[in-house]
Every structure is written in C-alpha cells, then in structure tokens.
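The values are calculated or read from the model by the stated rules, or taken from the named source; none is laboratory data. Source: prediction; values computed, not measured. Every residue, glycine as well, gets a Cβ built from its backbone with ideal geometry; the counts of neighbours run over all protein chains shown. These area figures cover heavy atoms from the full protein model, side chains too; ligands, DNA and RNA do not enter into them. Shrake-Rupley method; radii C 1.70, N 1.55, O 1.52, S 1.80 Å.
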Amino acid sequence: MATSVNPPRGMRDFLPAEKARREHALGVIRSVYSAHGFDEIETPVVEDFERLHSGLGGDNEKLAFSVLKRGLDATALAHAADSGDQSGLTDLGLRFDLTVPLARFYATHRAELPPVFRSIQIAPVWRAERPQKGRYRQFVQCDIDIIGEAGPLAEVELITATAAALRTLGLSGTRVRINDRRVLLGLLESFGFAAGEHAQVLITIDKLDKIGAEGVVAELGERSSSTDAVQAFGAYLTARVGEGVDDTIHPFGLESIQREVPAGVAPEALQSLADIGAAVQQADPAAVLVFDPFLVRGMGYYTGTIFEIEHPDFGYSLGGGGRYDGMIGRFLGQDVPAAGFSIGFERIVDLIEADASGAADQVVLVHDADAQPAQLALLKTELVAAGKRVRLERRTKNLKATLDRVEAAGFGAFAFVGRETSSADQLEFKPLG
C-alpha cells in the first residue's frame, strides 16, 4: 500500500508561480512598511509553553501546537495517557500569532530599542484549526506594531501604512472599520448589562456578521439575566443594522460618530476616534474610515481602539488590529502602550494579480539535446551578468507546450541556441505570448 504524499492536513505546498506571486506581495508589503519607518524583526517559531498559555492569546491558546519535552520515555507517555494528566509533558509550543512573541521580544530587548519602537513581523504561524476553505493550520501573518506611543499617532501610522500597502498591491475599495473597546463597554453599561456579563455579551455581539441582529438578540436573551438590558440593546441594534452603516461620512468627525451611540457613552473614546479619523484623512484622503459601534475584535487583550479592513465584495475581514496597552506589562511588571495592525495575507494574496513587470528581463534559452554544457553555461553567465533571469530549456517536439509553460512561469522572451552561437550578442530573442 502506497503511503500518502500529500502535505499534512491544513498545510500546503506552493508551486513556483504561486510562490512567486506570494513573494512579490510580501516584497511590496515589506517595502511600503519600511518606507513608513518600521523595522523588521524575527522571533523563534517556538515559545515557552507557559508564555503561550498565559492568557495573552485568547481563544487562540486552545489551538496552539505543543512540543513534547525531549527525552520522554514510553512509560511517562503511557502514564499521561492513562491518567489524563499531561502537565509536564511539554515545555515549548509553536507560536499561534506574532503578537505574543513580540511582547516577549520587547521585554527581552527593551534597553536596545528606541523609546518608540515600530516593528515589522512577517512570518508563518501555526494553529490547530479545523481545516476548511480559507482556514489553514500554517499560514503567514504580516504584522506592524508600535510600542511606546500612548497617543493616537500610533493608530494613525498603522492605518495609513496599511492602507498604502493595500493600494500598492492593487487592492482598491477597502475601508477601515473602527471602534474602541471603551465605547463597547460604555454601550453595555448604558443599556444596563451587569459588569460580570460584559465579556459574554461581547462574545455574542462579535457573532453579528454570522447570525445577524435577530440571532444576537436571541442569544443574549438566553445568556443574560437582565431582560430589560437585552430588550433595550436589541432595539438599538436592530434599528441601526436596519439603517445600514453610513460609510459615506466624510470627513470622519466627532458629531457624526456621536450620533451613532446613546448620549454620554465614552466621550473620551469618541473624541480619540474622531482625532484619529481626522489625522488619517488629512494624511491620506483616499482612506475611508467607518465607525462601527458593534465591532468587537475577539481578542480579549485589546484595551482601546480596534479596527478591521473590509471590502464590499468580500464577506470577511482582510485584516485587523488595535491597541493592547496591558500585554507587555505582563512581562515587565509595568504597562507599556502598544498597538498593532495585521494584514490577512492568505486572504489578500488570492485577490491580487501576478506581477508581470519583470517579464522582459526573464528569458529562456531553447537548446538541442547535444548542446555543449560549456556553451550553455557561458551564454547563461553573460545574460545573468547583464541583469537577466535565465532558464535553459531543451527543445522538444511539442515546443508550444514548453513555451506556454515558461510564459506561465513569468518569462517574457526566448531565443534558440544554435551550434555556432558563442556569445549572448548573437541570440535573437522573441517575445512569449
């Protein structure tokens, strides 16, 4: 019986053309973020088990892959299986996001970093997801974070840099939905939800895009002990969702967002959102911000502003982030202001076109089977020195199939190598396609 040659479930191989498209997109993102003053760092793919399960990662901690300790014998493994007690079996785990490693990184290297540190992290992460379309067990995250900036400048920089990266990738029509956790808590207080219910109520509201307003109200009715609060909030939610989100508000001003919530709710947070919106739209008039008082962002470590990227043609977020001022303090013993934005790379990479701008500099030399290796190597070396990317292809009976294949791989021209061809100057290139 033949063994499976497929990659593990939820993980993928990438053929050359797809890998090239991914690397092009990553290069664009890196270039834009670097131009906006961010510096790239790298952290290990594994972190201490206790750190990954310290409450910083929310529900993602349940999806973390653990690494067995080295040197465990069969007896220890059997005992753990029989008793159900697996403590002591693992001491490391694969990272499930890039934010927890960043917090640890900053705590480790704080003395070597500037007072306000702007980081780029682009790397794979692992989660024990149930594999399905759009969800993988290994995927790439593209994060930018600003640590040490307590004011709205951090959010402004994150949003403008991300918007610029998406436009440079060729994605138009994106919008940034924005809210503040303080607004959410203010809403719940204004409608009479008890403080002890807030966490569960937010989990239910976060399902709005999946179960709709009626589903949210029904679930709140089952979970909350306050019927009056559920009814009042349900009327507000149903009315506002029925009206639709006003994404035509421009500029994004204080009065416009104050109209979306009951009077007196989180005035400082609303002012902060208005300040962020004004600064973003002054710096980047093409950026569209939409105030969404029901945006939750499921990660419990967010403490202030939260945001997501959306596109009207897609029913899912293309990225998101927010302020998480309390996370790094878990390592340092003192709070450090921090905010981050993550592009959903695996979602956007399929929405962008392959880069064909360099096709003219990618050439194919078609040669006969008896061509001399020294001749081919010399021609290739000359062309590479001239800035070309060169591939050697043996002439086949079905030449068209060969040329179609190399064109699909991004090459733009080809030339035949004759017996007498001794210099690259003698090659006659013809365009592919």
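Going through the stretch 48-57 one residue at a time, which ones are crowded, with 16+ Cβ neighbours inside 10 Å and not in a loop (DSSP other than H, G, I, E, B)? Scanning the stretch 48-57 gives Phe49, Arg51, Leu52.
Taking the condition open to solvent by 70 Å² or more (accessible area, probe 1.4 Å), of a type outside the set (Phe, Trp, Tyr), assigned by the TED database to the domain that holds Gly344 and at pLDDT 90 or above, does Ala81 pass?
Numbers: open to solvent by 70 Å² or more (accessible area, probe 1.4 Å): yes; of a type outside the set (Phe, Trp, Tyr): yes; assigned by the TED database to the domain that holds Gly344: yes; at pLDDT 90 or above: no.
No, not satisfied.
If you go through the stretch 373-395 and pick out every residue that is surrounded by 12 or more Cβ atoms within 10 Å (Cβ to Cβ) and either in contact (Cβ under 8 Å) with a residue 40 or more places away in the chain or not charged (D, E, K, R) (or both), you end up with 10. Only residues that are within 16 Å of the chain's Cα centre (by Cα) and either in a loop (DSSP other than H, G, I, E, B) or small (Gly, Ala, Ser) (or both): list them for the stretch 277-313, please. Once the filter is applied, which keeps residues that are within 16 Å of the chain's Cα centre (by Cα) and either in a loop (DSSP other than H, G, I, E, B) or small (Gly, Ala, Ser) (or both), the stretch 277-313 yields Arg297, Gly298, Met299, His311. Could you please let me know if Gln138 is open to solvent by 30 Å² or more (accessible area, probe 1.4 Å), farther than 30 Å from Glu112 by Cα and touching a strand residue (DSSP E or B) at 6+ places or on another chain (Cβ under 6 Å)? Taking the combined requirement at face value, the residue satisfies it. Taking Asp313 as the residue in question, decide whether it is among the acidic types (Asp, Glu) and open to solvent by 20 Å² or more (accessible area, probe 1.4 Å). Taking the combined requirement at face value, the residue satisfies it.
Taking the stretch 95-126 as the range and being among the aliphatic types (A, V, I, L, M) and assigned to a helix (DSSP H, G or I) as the test, the residues that pass are Val100, Leu102, Ala103, Ala107, Ala111.
Could we say that Ile328 is surrounded by 19 or more Cβ atoms within 10 Å (Cβ to Cβ) and either of a type in the set (S, T, N, Q) or under 30 Å from Tyr136 (Cα atoms) (or both) here?
Details: surrounded by 19 or more Cβ atoms within 10 Å (Cβ to Cβ): yes; either of a type in the set (S, T, N, Q) or under 30 Å from Tyr136 (Cα atoms) (or both): yes.
In short, yes.
Which residue pairs have Cβ atoms closer than 6 Å, lie 6 or more positions apart in sequence or on different chains, and pair a first residue in the stretch 249-271 that is in a loop (DSSP other than H, G, I, E, B) with a second residue that is modelled with pLDDT of 90 or more and of a type in the set (Lys, Arg)? Final answer for the pair search is Ala266/Arg182.
Among the residues making up the stretch 396-428, those that are in a loop (DSSP other than H, G, I, E, B) and either open to solvent by less than 80 Å² (accessible area, probe 1.4 Å) or small (Gly, Ala, Ser) (or both) are Thr396, Ala409, Gly410, Phe411, Gly412, Val417, Gly418, Thr421, Ser422, Ser423, Leu427.
If you take the residues in the stretch 148-186 that are open to solvent by 10 Å² or more (accessible area, probe 1.4 Å) and polar (S, T, N, Q), which one is nearest to Glu23 (Cα to Cα)?
Initially, the stretch 148-186 is screened for residues open to solvent by 10 Å² or more (accessible area, probe 1.4 Å), giving 148-153, 156-157, 160, 163-164, 167-177, 181-182, 185-186.
Now drop any that are not polar (S, T, N, Q), which leaves 160, 168, 172, 174.
Numbers: Thr160: 22, Thr168: 14, Ser172: 20, Thr174: 22 Å.
So the residue we want is Thr168.
What residue, among those in the stretch 135-152 that are part of a loop (DSSP other than H, G, I, E, B) and under 17 Å from Asp97 (Cβ atoms), is modelled with the lowest pLDDT? Steps first, answer last, please.
Taking the stretch 135-152 and keeping what is part of a loop (DSSP other than H, G, I, E, B), we get 136-137, 148-152.
Restricting the remaining residues to those that are under 17 Å from Asp97 (Cβ atoms) gives 136-137.
Details: Tyr136: 89, Arg137: 93.
For the stretch 135-152, the residue satisfying everything is Tyr136.
Among the residues making up the stretch 278-301, a single one is buried (at least 20 other Cβ atoms within 10 Å of the Cβ) and over 26 Å from Glu255 (Cβ atoms): Tyr301. For the stretch 184-204, the criterion of being in contact (Cβ under 8 Å) with a residue 60 or more places away in the chain and part of a loop (DSSP other than H, G, I, E, B) is met by no residue. Contact annotation: residue pairs with Cβ atoms under 6 Å, 6 or more positions apart or on different chains, pairing a residue in the stretch 11-39 that is without any contact (Cβ under 8 Å) to a residue 60 or more places away in the chain with a partner that is outside any helix (DSSP H, G or I), are Asp13/Pro7.
Taking the criterion of being open to solvent by 30 Å² or more (accessible area, probe 1.4 Å), among the small types (Gly, Ala, Ser) and outside any helix (DSSP H, G or I), the residues of the stretch 1-47 that qualify are Ala2, Ser4, Gly37.
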